[in-house]
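Novice: This structure is in structure tokens; I'll ask about it shortly.
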Amino acid sequence: MKDIDKNNASFEEIKHIDENGVEFWYARELQNVLDYKEWRKFENVINKAKEACKNSNISEFEHFVDADKLSKRANNAKVIIKDYKLTRYACYL
């Protein structure tokens, strides 16, 4: 039971609020809370959630927003990595 409470607290702790007061979560931050070690595996989960959203006749574009980020590597190289802004509904899926 403590693990569930810990994950719920972590989920709320990584919540962001945009300039319009809309709450969202970054997928890469959520990946860590849910203990996914590899992005590619977590992205598969996101793709399944997008499909579930479409199958419910709900616009996936409102709940899964592309949010690419700049990431620094060990050799000071900068690369763009894929991320998503997720609504609470997207996180639920």
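Only the coordinates and a few stated rules stand behind these numbers; no lab work does. Being a predicted model, the structure only gives us computed values, none of them experimental. Backbone-built Cβ (ideal geometry, glycine too); neighbour counts: all protein chains shown.
Novice: Residues with beta-carbon under 14 Å from that of N57, excluding N57: net charge, scoring Lys, Arg +1 and Asp, Glu -1?
Specialist: -1
Novice: Could you go through segment 42-48 in sequence order and give the Karplus-derived ³J(HN,Hα) for each residue, using 6.51 cos²θ - 1.76 cosθ + 1.60 with θ = phi - 60°, rounded to whole Hz, and x for Gly and Pro?
Specialist: Coupling constants for segment 42-48: 5, 5, 4, 5, 4, 4, 5 Hz.
Novice: For L86, L70, what ranking results if the residue with the fewest other Cβ atoms within 10 Å of its Cβ goes first?
Specialist: Placing the least packed residue first, the sequence is L70, L86.
Novice: Which ³J(HN,Hα) values, rounded to whole Hz and listed in residue order, are derived for segment 20-37 from phi using the Karplus coefficients 6.51, -1.76 and 1.60 in 6.51 cos²θ - 1.76 cosθ + 1.60 with θ = phi - 60°, glycine and proline given as x?
Specialist: Computed from phi, the couplings for segment 20-37 are 9, x, 8, 7, 7, 10, 7, 4, 5, 6, 5, 3, 5, 4, 8, 6, 8, 7 Hz.
Novice: On to the next question. Hull surface divided by four, with the convex hull built on the Cα atoms of the chain: how many nm²?
Specialist: Hull-based average projected area comes out at 7.4 nm².
Novice: Work from the charge dipole of segment 2-92 (Cβ charges, +1 for Lys and Arg, -1 for Asp and Glu, about the Cα centre) and give the residue of A90, G21, N47 farthest towards its positive end.
Specialist: Toward the positive end, the furthest listed residue is N47.
Novice: Under a Cβ-only charge scheme (Lys and Arg +1, Asp and Glu -1), can you give me the dipole magnitude of segment 2-92 about the Cα centre, in debye to the nearest 20?
Specialist: 480
Novice: Okay, next question. Can you put L34, L93 in order of Cβ neighbours within 10 angstrom, beginning with the fewest?
Specialist: Ascending number of Cβ neighbours within 10 Å: L34, L93.
Novice: Follow-up question, since we're still on this one. Name the residues whose placed amide hydrogens come within less than 5 Å of the amide hydrogen of Y84, ignoring near sequence neighbours (fewer than 5 apart) on the same chain.
Specialist: Hits under the 5 Å cutoff: A27, R28, A67.
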